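Enquirer: The structure's right below; bear with me while I get my questions together.
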Amino acid sequence: MENFNMDFVMTQRDANSLDLNMLKLLVVLYQEKNMRKAANRLHVSQPAVSHSLKKLREHFDDQLFVKVPKGLEPTPLAHQIAGVANSYLEGLTRELNNLTEFDPKYIDQTVRIAIAGPILTCIAGSLHRKIREQAPNIQLEIVTWAQQTPNDLAQNKIILAINYSSVPHTKQIYSKKLVDFNPTVIFRKDHPLASKQLELPDFAKYELASLIIPGWNDQIVYAVETLKQYGVEAKVGIRSEVLLALIDVISQTDMYIAHNDFFPIQHFPHLKMKSVANLVEPEDYQLSVNSFCHIKDHHSNLVNWLSGLVKDSLQEQIETSACYCKE
C-alpha cells in the first residue's frame, strides 16, 4: 500500500469526524469487493452498508468503489485509505487486547477457524465441547481448510487455521507445531490383512483409498510415493476429499486407507486400524499437525487459547487410538 496523506484526502471534513465503524466498513468492503459479503461479515443489512458507503463518499469526495461485473473495484484513493485504516484498526485491536486479561467465558463474538478436513473429522466433537465449556457464549464457525485459507488469515476472515506441517504458506503466516503423529492403515475388520502381521509388500496386493487434502496432496499421493521408495508399487483405487466417503468404500471392498493415529477408530466398530510406524524409517513419515495464524496474531490470547484446545483434543485422540491399535 502507498503512504497516505491525511491532508490530501480530508477535503470535506476533518479525520476526527470519522468513527471506527466507518473505517472498519471501508476495510471490509475493500477486502470483499462485494456488498453482500461485506454485509454478512459485519452482521448488518446491505442497505446499511450502502448508506454508510454514501457517507464515506461524501466525506472523502470520491466514489471509493465503482461497480464492475464481478463486484466492486476500489478507486486509487480507496486503495490508499484501506491500507492505512487496516493497519490502524489492527494495531488498536492488539493494544486493547493487551490491556485486558483474557478470559474465554467473556467471549461473545463470532470466531471463525479453518481446519483441514481429515483433522476436523477426527476432533470436531471433542473440540466443540472443550470450546463451549470454557466459552459458552461464543459463536463458533469452523470451515474446511481450502486453497484461499492463507489469504483469509491475512485478511482477518479467519483467526486460526489447522493443517499438516508441510502445507505451503507465505512468510506472513506464523506456524506452530501442535502434535506429532504416526502412520496407520485402516480397513474393514474382516479384511484379509486384519489378522496378520503387516509387511510392506502386503500393500501392493490391495488398492488404496486416498484422501485428498486441498493445498497439501492435490497432485501427489504420499503413501504411494513412500511405498515406492521401499520397492512396493501401490495402486490407487479411489481418491476423495470426503473421508466418510472413503470409509464407506473400504467398508464394502478390500481397499484400505493410509491415515494416522488420531483417526477416531472407536467410533467405527466395523473397522480395524493398525500402526505401520515400525515398517518405514521415521524420516519417511514423521509429520506434525500445526496451527497457522497471521504473524500479527501469534501472541493473541484468543489464538493461543484456541490452538491449545486443538492440541489437547488431538493428544487425547492419539492416546485413545493407541489402545485400539494394540487390539
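The values are calculated or read from the model by the stated rules, or taken from the named source; none is laboratory data. This is a predicted model, so every value here is computed, not measured. Ideal geometry is used to build each Cβ from the backbone, glycine not excepted, and the neighbour counts take in all protein chains shown.
Enquirer: Evaluate the following for residue 257: is it assigned to a strand (DSSP E or B), touching a residue at least 12 places away in the same chain (Cβ under 8 Å) and under 22 Å from residue 195 (Cα atoms)?
Expert: Values: assigned to a strand (DSSP E or B): yes; touching a residue at least 12 places away in the same chain (Cβ under 8 Å): yes; under 22 Å from residue 195 (Cα atoms): yes.
Taking the combined requirement at face value, the residue satisfies it.
Enquirer: Sticking with this one: If the Cβ limit is 6 Å and pairs must be 6+ apart or interchain, which residue in the stretch 129-145 that is closer than 15 Å to residue 109 by Cβ pairs with which residue that is basic (Lys, Arg) and surrounded by 13 or more Cβ atoms within 10 Å (Cβ to Cβ)?
Expert: From residues that are closer than 15 Å to residue 109 by Cβ, the pairs are 141/112.
Enquirer: Still on this structure, I have one more. Here are 147, 46: which of them is in contact with a Gly (Cβ under 6 Å, 6 or more places away or on another chain) and either in the same structural domain as residue 266 (by TED's automatic domain parsing) or not charged (D, E, K, R) (or both)? Please lay out each step first, then the result.
Expert: Details: 46 fails: in contact with a Gly (Cβ under 6 Å, 6 or more places away or on another chain).
Step by step, each of 147, 46 is checked, and only 147 is in contact with a Gly (Cβ under 6 Å, 6 or more places away or on another chain) and either in the same structural domain as residue 266 (by TED's automatic domain parsing) or not charged (D, E, K, R) (or both).
Enquirer: From the list 121, 93, which residue is β-branched (Val, Ile, Thr), out of contact with any helix residue (DSSP H, G or I) (no Cβ under 9 Å at 6 or more places or on another chain) and in a helix (DSSP H, G or I)?
Expert: The conditions single out 93.
Residues are listed down the side, and each one gets a yes or a no for (1) at pLDDT below 90; (2) of a type outside the set (Asp, Glu):
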position: 5; (1), (2): yes, yes
position: 9; (1), (2): yes, yes
position: 15; (1), (2): yes, yes
position: 21; (1), (2): yes, yes
position: 30; (1), (2): no, yes
position: 34; (1), (2): no, yes
position: 41; (1), (2): yes, yes
position: 58; (1), (2): yes, no
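Enquirer: Still on this structure, please answer the following. If you go through the stretch 144-180, how many residues are in a strand (DSSP E or B) and of a type in the set (D, E, K, R)?
Expert: 3
Enquirer: Any residue at all in the stretch 91-110 that's small (Gly, Ala, Ser) and touching a residue at least 12 places away in the same chain (Cβ under 8 Å)?
Expert: no
Enquirer: May I ask you to say which residue of 123, 131, 158 is closer than 21 Å to residue 178 by Cα and under 13 Å from the mean Cα position of the chain (by Cα)?
Expert: Unique residue meeting the criteria: 158.
Enquirer: Still on this model: Could you figure out which of (1) under 26 Å from the mean Cα position of the chain (by Cα); (2) at pLDDT 90 or above; (3) loosely packed, with under 13 Cβ neighbours inside 10 Å isn't true of residue 47?
Expert: (1)
Enquirer: Quick check on my filter: what residues within the stretch 185-244 are among the charged types (D, E, K, R), in contact (Cβ under 8 Å) with a residue 12 or more places away in the chain and either within 19 Å of residue 265 (Cβ to Cβ) or in a strand (DSSP E or B) (or both)?
Expert: Residues satisfying the conditions are 188, 189, 239.
Enquirer: Next question, about the same structure. Quick check on my filter: what residues within the stretch 34-55 are closer than 19 Å to residue 112 by Cβ and not in a helix (DSSP H, G or I)? Working first, answer last.
Expert: Going residue by residue through the stretch 34-55, those that are closer than 19 Å to residue 112 by Cβ are 34, 36-44.
Within the stretch 34-55, 34, 43, 44 qualify.
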